[in-house]
Amino acid sequence: MKIAVLGASGRAGSEITKELASRGHSVVAIARKPEAIPVAPGVTALGGDASDAAALANLIRGCDAVISALHHDIKAETLLQALKTAGVPRLLVTGGAGSLEVAPGLRLIDTPDFPEEFKPYALPGVAFLEDLRGETETDWTFFSPAAFIEEGPRLGVFRTGTDRLIVDADGQSRISFADYAIAMVDELEQHNHSRSRFTAAY
């Protein structure tokens, strides 16, 4: 497939770009600093500002799907408009963990232990998911990571779920950027969560 990756120079975006390329997909890798995008066969690095829907539409036209690693920096409305203008049918989004439930009706972001200093970064992801849930034209998927997504090895082994935070036997919720990328590209290829959210953690 031909896939556009937004934020392809960031930690999640760069791992997703590398994972796509390793599986033989053609990647249009877009970032404000294209020189920082990983170099790999099948990867075309482009400079672009995703906050401009019309300009973004020109960059992604002809792609089968868009994977965005920019939910903190761009509104769902802008991104969806770009996809519709370009005729791209599918959107996958790197989301946050704050909107995952830790108990029925209780989101992680609403728990007493959620750090106040993280809320300004988590709230845009919560809003982005809510906006996507009202979208019926574009085929979207919102991928919430574990509570902690970090540098680490590419293990290729993790668990997936839907709206509930996944924790291990010690109560920890973690995944590496490399394994997050595997789960994202698996979803692209397997298409298990159409117009819904999923999560992955060890």
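Anything in region 136-158 that is surrounded by fewer than 16 Cβ atoms within 10 Å (Cβ to Cβ) and within 17 Å of the chain's Cα centre (by Cα)? List them, or say none.
First pass over region 136-158, keeping only residues surrounded by fewer than 16 Cβ atoms within 10 Å (Cβ to Cβ): 136-137, 148, 150-157.
Answer for region 136-158, where residues must be surrounded by fewer than 16 Cβ atoms within 10 Å (Cβ to Cβ) and within 17 Å of the chain's Cα centre (by Cα): PHE148, GLU150, GLU151.
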Q: Starting from residues that are hydrophobic (A, V, I, L, M, F, W, C) and under 12 Å from THR44 (Cβ atoms), keep the ones in region 4-19 and report whichever is surrounded by the most Cβ atoms within 10 Å (Cβ to Cβ).
A: VAL5
(Q) Suppose we filter LEU165, LEU129 for residues that are over 24 Å from MET1 (Cα atoms), in contact (Cβ under 8 Å) with a residue 60 or more places away in the chain, over 14 Å from the mean Cα position of the chain (by Cα) and surrounded by 15 or more Cβ atoms within 10 Å (Cβ to Cβ); which single one remains? (A) LEU165
Q: Inspect region 83-100 for any residue being surrounded by 22 or more Cβ atoms within 10 Å (Cβ to Cβ) and among the polar types (S, T, N, Q) and give the result as yes or no.
A: yes
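All of the numbers you see were taken from the coordinates with simple rules; none came from a lab. Computed from a predicted structure; not experimentally measured. Cβ sites come from the backbone with ideal geometry, for glycine too, and all protein chains shown count toward neighbours.
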